[in-house]
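Worksheet for the structure shown next.
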Amino acid sequence: MKTDKWGNLVINKEFNADMLAEAVCKLEGYTYGPSDTLYWQHGHASERSFIYVTAQHLTREQLTQF
């Protein structure tokens, strides 16, 4: 675990984007498995339950394209 100068837990700077997405999936109970077609879809819990992990805001158009 890493902490900042005030003792607050922070994300380790050694983590990359894939590692963070995998950690979010695990914490939320999803199986990590990035989509080949939707760049922000990183995992699933069932055939119809997906988790989307991104560090950017998604537009309505992006969220409704599938």
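Below, the figures for the structure above:
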item	result
Listed candidates [x] 37, 26, 16; [y] 24, 22, 21; [z] 43, 24, 16 - label of the one calculated as Cα extents along the principal axes in Å	[z]
Value at 222 nm in deg cm²/dmol, rounded to 500, when DSSP H runs of n ≥ 4 in the chain each add -39,500 (n - 2.57)	-6500 deg cm²/dmol
Between helix 17-28 and the chain: long-axis angle, C-alpha atoms, 0 to 90°, nearest 10	80 degrees
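Any read-out appearing in this document is the output of simple, stated calculations on the displayed coordinates, not a laboratory observation. Just so it is clear, the model here is predicted, and its values are computed rather than measured.
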